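This report refers to the structure that appears directly beneath it.
Rule-based calculations on the coordinates, nothing more; no lab input. What you are looking at is a predicted structure, and each value in this text was computed from that prediction instead of being measured. Reconstructed Cβ throughout: ideal geometry from the backbone, glycine too, with neighbour counts over all protein chains shown.
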Amino acid sequence: MVIQPKIRGFICTNAHPLGCAANVQQQIDYVKGHPVQGQAPKNVLVLGCSTGYGLASRIVSAFGYGAKTLGVCFEKEPSDRKTATAGWYNTAAFHDKAKAAGLYARTLNGDAFSNEMKAEVIEAIKQDLGQVDLVIYSLASPRRTDPNTGETYKSTLKPVGKAYTTKTYDTDKDLVHEVTLEPANEEEIQNTVKVMGGEDWEMWIDALDKAGVLADGAKTTAYTYIGKELTWPIYGHATIGKAKEDLDRAAAAINSEFAGKHVKAYVSSLKALVTQASSAIPVMPLYISLIYKVMKEEGTHEGCIEQIHGLFSEKLLAENPQMDEMKRLRMDGKETNDATQAKIKALWEQVTQDNFHDLSDYKGYHQEFLHLFGFGFDNVDYGADVDPMVNW
Ligand code: NAD
């Protein structure tokens with residue numbers, strides 16, 4: 001099968017196995033070229049291991065610290081006629097490369113929110129690892145079925161309190177335009193908290209502990225985005241921000257419940273980047289295209305792998321990591337500092353349909369978007385026939 005990108009709106013509906021492998025290899029090369037620091041974890045569970053920040057967490061754990069990694073993801077397998085999802089191919093590539101490096105890797109594909117997946121993971125830890133000493137919670141999902149009630153909740157990306165009118169960029173139509181986002185009602189806020197808040201993170205830690213597979217002194221982190229004034233109305237102070245606030249509650253609850261076991265739970269704040277999750281958020285493609293421009297000029301641009309490498313080395317696995325007033329680990333300073341934000345704000349005010357491509361780094365944004373699905377790599381021949389039936 002010859003595989004060319006099929007882009008529909010903010011998503012690409014296919015993926016290239018060799019390009020996904022090239023993406024994984026680039027991240028491994030980065031980690032190999034940048035030694036890690038801190039207390040090395042031995043056995044790492046990565047929930048949401050196949051793309052974005054979770055994949056980078058797995059790569060840093062394995063290729064930086066030499067850890068055994070057990071991953072959970074929700075990806076579609078390939079068929080003769082349809083490619084798999086990018087996360088499937090990323091995972092297959094990760095397994096290949098881990099095997100070649102003599103690193104243990106096991107991945108379970110299914111719904112991480114379910115009781116069944118929790119039981120399967122616990123069984124796998126018992127069989128292969130004994131216990132885990134680091135748990136990365138990196139799920140990004142538009143819906144969640146509560147395993148105890150069977151009810152399915154959907155998240156919403158809406159402002160809270162009042163409607164918000166702002167500029168946005170429609171990647172599909174190549175159009176900068178104004179959009180008014182209506183505020184969420186109380187039910188939509190609560191449903192978003194149910195999907196992207198801390199309840200499932202707590203359920204994972206409880207289940208691992210009850211089964212005796214959570215090591216004493218284990219660390220765990222969930223990822224958040226805090227951002228600044230430009231993104232607060234649609235992110236930080238919006239429905240998704242309310243869900244992220246619930247992560248702070250969950251971290252405090254885990255820390256207090258497992259204090260006797262010396263478990264440490266952190267919320268880690270990362271910078272805005274192109275991932276499958278962020279490209280679905282209104283306003284984000286415009287904001288990210290502008291910050292890429294500013295941060296590349298400043299020489300502070302980072303991708304998932306640089307962010308996670310820094311997080312693990314300087315904060316998460318460091319002896320006494322510096323925390324903010326909410327006890328969060330912050331890796332977003334290069335984006336959210338006042339000087340950088342002022343430059344982004346100035347561009348934001350000027351940007352129109354006519355000057356968008358000059359003022360922004362949409363080219364860089366789009367290139368990274370293609371990379372997410374294994375497209376746009378120079379070392380891959382996209383005209384060649386490839387077998388989509390890749391497995392691990
Ligand atoms: P992503 O879409 O790249 O990755 C999501 C992962 O979750 C994938 O591995 C996917 O397979 C897995 N997943 C989704 N639903 C699942 C389910 N039901 N069961 C098992 N696995 C499931 O997303 P991302 O951008 O890397 O986001 C990860 C975390 O980082 C999120 O909490 C997000 O809010 C946070 N974050 C993202 C950004 C950003 O700009 N992208 C910035 C800061 C923080």
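Assorted remarks:
- Around the Cα centre of the chain, unit charges on the Cβ atoms of Lys, Arg, Asp and Glu (plus for the first two, minus for the last two) sum to a dipole of about 420 debye.
- The value of relative contact order for segment 269-392, using C-alpha pairs under 8 Å at least six residues apart, is 35 percent.
- The listed peptides 98-107, 241-250, ordered by packing as a protection proxy, come out as 241-250, 98-107 (highest mean of other Cβ atoms within 10 Å first).
- Charge dipole of the chain about the Cα centre (unit charges at C-beta), most positive-ward option of ALA40, SER138, ASN379: ALA40
- Counted by neighbouring Cβ atoms within 10 Å, the residues PHE10, PHE63 run from fewest to most as PHE10, PHE63.
- Dipole magnitude for segment 21-128: computed about the Cα centre from +1 point charges on Lys and Arg Cβ and -1 point charges on Asp and Glu Cβ, it is near 260 debye.
- Our estimate of slack between ASN148 and ALA163, defined as 0.36 nm per intervening residue step minus the Cα-Cα distance, is 2.0 nm.
- The residues packed around ALA105, meaning those with a beta-carbon under 11 Å from its beta-carbon, carry a net charge of +3 if Lys and Arg are +1 and Asp and Glu are -1.
- You can think of it this way: the chain between HIS357 and LYS82 has 95.7 nm of extra reach, that is 0.36 nm per residue less the Cα-Cα gap.
- When restricted to Cα atoms, the chain yields an Rg and a Dmax of 20.3, 60 Å, respectively.
- Relative contact order for the chain: 23 percent, from Cα pairs under 8 Å spaced at least 6 residues apart, divided by residue count.
- The residue among THR85, HIS357, ASN191 whose Cα reaches farthest toward the positive pole of the charge dipole of the chain, with charges on the beta-carbon of Lys, Arg, Asp and Glu, is THR85.
- Counting only DSSP H runs of at least 4 residues, each contributing -39500 (n - 2.57), and dividing by the residue count of the chain, the helix-based mean residue ellipticity at 222 nm comes to -11500 deg cm²/dmol.
- Label-point gap, in nm, between GLU120 and GLU229 - each point 7 angstrom along Cα→Cβ: 4.8
- MET1 versus ALA339: modelled label distance in nm, points set 7 Å from Cα along the beta carbon direction: 4.9
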